[in-house]
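One structure is given below, encoded as structure tokens.
Derivation of every value follows stated rules applied to the coordinates shown; laboratory data play no part. Keep in mind the model is a prediction, meaning the values are calculated, not measured. Note: ideal-geometry Cβ built from the backbone for every residue, glycine included; neighbour counts use all protein chains shown.
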Amino acid sequence: MTDYKILMSEAQKARQKSYSPYSHFRVGAALLTKSGKIYTGCNIENAAYTPTVCAERTAIFKAVSDGERDFEALAVIGGAEGETADFCAPCGVCRQVIAEFCNKDFKIILGNEDKFKAYTLDGLLPFAFTDKDL
Ligand code: THU
């Protein structure tokens, strides 16, 4: 559990970099690799709206572009500006991106720095469409 606390605290630090002038909803994520490295990300919005990328995908894409593909857990923290929600669930697109690189028992830690819970990818994205379906 201590590892997850560190991961959540890294996600919170990453959240401070959120670029969210349109929604004012600020999200941070921290991805733990099996080799023990942590990649962080924040949401990055855009005036055209659809190019916006979520915190989770920022962290995953940073890691993959650095040659990392083996992941252990991902912590996510978010909420409206000036607040932290009890729980910030990854969107469907992010769940699909997680499913590209992680297996069913990959841990997704949701909550805040005081209280969080570990979910599995399979719990959040049952019947995922993956390369095995092609
Ligand atoms: N967002 C994330 O970064 N991750 C989530 O888990 C949910 C939503 C972002 C996208 C957008 O910048 C803002 O939060 C509002 O949807």
(message) How far apart, in nanometres, would the label points at Asp133 and Lys115 be if each is projected 7 angstrom from Cα along the Cα-to-Cβ direction?
(response) 3.5 nm
(message) If the reach is capped at under 26 angstrom between alpha carbons, list the lysines near Lys13, excluding any in the same chain fewer than eight residues apart.
(response) Lys5, Lys34, Lys37, Lys62, Lys107, Lys115, Lys117
(request) Would you mind pulling out the separation of the Cα centroids of the stretch 97-134 and the stretch 73-88, in Å? (result) 17 Å
(request) Could you state, as a whole-number percent, how many of the C-alpha pairs of the chain are farther apart than 23 Å? (result) 26 percent
(request) Please state the charge dipole magnitude for the chain, taken about the Cα centre, from unit charges on C-beta atoms (+1 on K and R, -1 on D and E), reported in debye and rounded to the nearest 20. (result) 120 debye
(message) Can you compute the helix-only [θ] at 222 nm over the chain? Use -39500 (n - 2.57) per DSSP H run of at least 4 residues, normalise by all residues, nearest 500 deg cm²/dmol.
(response) -8500 deg cm²/dmol
(message) Given the options Phe71, Cys102, Gly36, identify the residue whose Cα lies farthest towards the positive end of the charge dipole of the chain (+1 on Cβ of Lys, Arg; -1 on Cβ of Asp, Glu).
(response) Gly36
